[in-house]
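Each remark here refers to the structure printed beneath this line.
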Amino acid sequence: MEEIVALYAQDVVPGRVVGSAPRSRMRARNLPHAAVKILVRDASGQVYVHRRTDTKDVYPGLHDAWAGGVIAAGEEPDTAAERELAEELGVKDCPVRLVDRHWFTDTHTNYLAHLYEAVYEPARHGLIVPQAEEVAEGRWLDWDELRARLADPEWPFAPDGRALLARYERVRGA
């Protein structure tokens, strides 16, 4: 059965659900929806960065620092963030904290990003076990190293991830 995605209004009331659609129709028509994005940091401030698999429907094969995905119809953003963190990285019982909400739109996707951060502790949350269907490889980078790589426009990084990291940095002063 195909996933049903909540559709959102792009108006002055961010987060207003106006309907739902099958994921394939949402992608084909680039309909406005919502997604959760979780930045996983450790206690020393390193960020978990991964490369998306070549089979992803949006930005295949590119690097990203955000775990996450679309919010299903009837699902709350906090619940979606916890679900996506567990599904994509195998991280459970790790508190997520909403940092910001921001629209991202390009020719491939159009969504209200719910930006979360999670402080990952291996002793408390277990090992990161990336989902093979979504994550090709992953590693920890210092924030300064991540910023240096992002400064290189040739580094194959997901455009939404790049834009949302800049937003995160402005909001959080990271």
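Using alpha-carbon pairs under 8 Å, 6+ residues apart, how would you state the relative contact order of the chain in percent?
Normalised by residue count, the contact order of the chain is 25 percent.
In percent, what relative contact order does the stretch 8-77 have, based on Cα pairs under 8 Å that are 6 or more apart in sequence?
27
Anyone know which of 78, 106, 160 comes out most mobile in the 10 Å Cα GNM of the chain?
So, out of 78, 106, 160, the one fluctuating most is 106.
Roughly how far apart, in whole Å, are the Cα centres of the stretch 110-148 and the stretch 1-65?
15
Does the stretch 83-174 come out rounded, prolate or oblate by the C-alpha gyration tensor, with a ≥ b ≥ c the root eigenvalues, rounded set by a/c under 1.5 and, if not, prolate when a/b is larger than b/c and oblate if not?
Rounded is the answer for the stretch 83-174, as its axis ratio a/c remains below 1.5.
With only alpha-carbon atoms in the gyration tensor, what are the semi-axes of the equivalent ellipsoid for the stretch 1-128, in Å, largest first?
Each semi-axis is the square root of five times an eigenvalue, giving 25, 16, 13 Å.
The numbers here are math on the coordinates, done by the rules we state, and not lab data. Worth saying up front: this structure is predicted, and the values here are computed from it rather than measured.
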